[in-house]
1. List the residues whose amide H sits under 5 Å from the amide H of residue 278, counting only those 5 or more places along or on another chain, with H placed 1.01 Å from N in the peptide plane.
2. Starting from the 7 Å offset along Cα-to-Cβ, what nm value, one decimal, do you get for the label separation of residue 340 and residue 361?
3. Counting other Cβ atoms within 10 Å, which trypsin sites (Lys or Arg not before Pro) in the range 380-436 have at most 11 and lie in a DSSP loop?
4. What is the list of residues in the range 340-356 whose amide nitrogen lies under 16 Å from a point 7 angstrom out from the Cα of residue 520, following Cα to Cβ?
5. FRET efficiency for residue 432 and residue 611, Cβ-Cβ distance as r, R0 = 45 Å, nearest 0.05?
6. Kindly put 492, 6 in sequence by how many other C-beta atoms sit within 10 Å of each C-beta, fewest to most.
7. Take peptides 481-489, 250-258, 389-397 and line them up by average Cβ neighbours within 10 Å, highest first, as a rough protection proxy.
8. Enter the mean projected area of the convex hull around the alpha-carbon atoms of the range 448-492, in nm², rounded to one decimal.
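What follows draws every value from the coordinates through simple rules; no lab data is involved. None of these values were measured; they are calculated from a predicted model. For neighbour counting, all protein chains shown are included, and Cβ atoms are generated from backbone atoms with ideal geometry for every residue, glycine included.
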Amino acid sequence: MLSGGIVWAGQLLVARIWLSQAIFVHQIVMMMRAAGFSQAPSVGAALIRSVAPLLLASGLATRPVALLLLLGVGQGVSGAPLAGPQALLLVWLLIGGAGPLSLDFLLRGGLARMPVWAVRSISRLYAASDALGELVLPLGTRVILAVAIAAGTGFAMWPVPFTGALVRAPWWTLLLCWALLLGLGTRPVALIFCALAPPIFLSANTPDPLEVALLLLLIAAKGAGKLSVDALASRWAGTHLRMPERADAKVPHVVVVGGGFGGIAAVGGLRRTSCQITLIDRRNHHVFQPLLYQVATAALSPADIAMPIRGVLRDQRNATVRLGEVVGVDLVAREVLLPAERIAFDYLILATGAQHSYFGKDEWAAHAPGLKSIEDATAMRSRMLLAFEQAESEGDAAKREAWLTFVVVGGGPTGVELAGALAEFARTGLEKDYRAIDPATARVILVQSAPRVLPAFSPVLSAHAERALHDLGVDVRTDAKVTQIDRDGVEINGLRIASRTAFWAAGVAASPAAMWLGLAGDKSGRVVVDSNLAVHGCPGVFAIGDTAASAGWAGAGVPGLAPAAKQQGRHAADVIRAAIKGHPSPRAFEYHHYGNLATIGRLAAVVEMRRLRLWGAPAWWLWGLAHVLLLTGGRNRATVVLNWLWAYITYRRGTRLITGKTGDA
């Protein structure tokens, strides 16, 4: 059955929307007719009929609304009730519920656990109704549709009472009606009737053909149900025609290390492959890294851009999640090494991402933290907010200025977005929060060693980005190199700047995956892979994302971007699936670059998508839409939109929390 599938859920959603608009139109007709009658519908009935379409379309309180409508609430001024197919659709919603694509479905888990007896009793009643619906809804709908179609064609499916005469009809129509009635080949029969609906339902005795066709599509998506010939045949085939399992049959084990964009895409790509998947990550959550800077600048909370990996993969039966830190790979034994155990693999995908690189100056890390994880973002947020707190209590003007000077090292997308968000936050988010200082006087310095910021963008867009940064008050310094970072300041081209708060966005290095495999790696430490992302000399081992050095971008290196990691994850899954099935490997990996996006501040962003170049407000809206759509989880999308809307309207950021140690930054 497809009752839990996307086809069934989508079809039921369409049915709810269709029914809601039919009820809405019916209510409008009643209001228009009310003027010609002395007695208009009651206020309660009119109110229910007015709210019912919205509740049905959203799937909220669906069963009570359907019950009220079936009881005749809100009948027309002439007393005419809902049409037959509409009533049958309401019966579907009353007994079977609104389906997975509804608010009722989202709320049912929490309501079932509420410590309120009445609510829990209703939840148990709903569960019993769901079970009843599995039996009676498909059967009853099949019978009603078969009789309705027979009536529409002008013949009876059995002898006419008393006379025993059987009305003539085309034999194929008769067979299809009986097949639908008995539940034999139900899905194809329902689809055939849908295709023939216009000529069949021309009789004046039949209901609205579109509504009958909608019911047929519901049956086609739901199936014949348990009380049908199809169900009996399926059970018999499962018992008598099942192929015996081989005792020596082995399901391949695929181990994926890393729950980032690439790792999640690889696991999803193997969803329908006969294999067992184990995803290993040292954190239990998947984080949307492009918005980490918004956590660091108090615009979003960590939960807005992160989701538990187990929640992401909860519906994938062949995938398990293991929390742990990989410390090595034994290629001879074909095992992944964890501190206290070994996990065997047939295929291995390394998607371990990247880490900060200070170009040999690792001592700078303590004074200029980078941004790669939720922990980094919350620590950076605390460091930023603590700087304002220290400045508020500092009496010495020079020391106060040092606390209010922020240096961002690196002019790529992360550095530009971080510097712009910092400047905007200081000028519009804290203006009334302090008494001894004016946060708007804070200095934000962006240091870029290249001749321009955003070097991956076109020079025109880089110029627009730099202009937008200047408008926010950011001091942009290009062709500038950092020569020293310590607790009290940053040295840029030999010039000392007193700053107690510096952030690093200048360089990254690959994870130690190459070392695990005993390989040298490229100059950034990435694992060199072939055209199918396989590691040279390591059969069945693949590297993707920031871990891999791939020339899959028209012969050039694939960039370390989220879309690239996703595409590589899906390609590695395709290669493994082909190997498991004994098929030839797919063609070489080709990275498709859809564009670059970066935001600077309110209504200021730059977007480059092939030949399309946008800046300013249009780019800002497109940037926001793209990031919301790429987020994992409907809840995260909704909360991010609400937080952005709140910040846009009020100029306030609600996650200004200092966590962790609060000593001197």
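1. Answer set, sorted by chain and number: 254, 255, 256, 320.
2. Once both label points are built, they end up 4.1 nm from each other.
3. Details: sites: 381, 383, 399, 400, 427, 432, 435; in loops: 432, 435.
Here the sparse-neighbourhood loop sites are 432, 435.
4. The answer is none, because no backbone nitrogen lies closer than 16 Å to the label point.
5. Working: r = 45 Å, r/R0 = 1.01.
Approximately 0.50, to the nearest 0.05.
6. Starting with the residue having the fewest Cβ neighbours, the order is 6, 492.
7. Going from most to least packed, we get 250-258, 481-489, 389-397.
8. Over all viewing directions, the range 448-492 projects a mean Cα-hull area of 3.6 nm².
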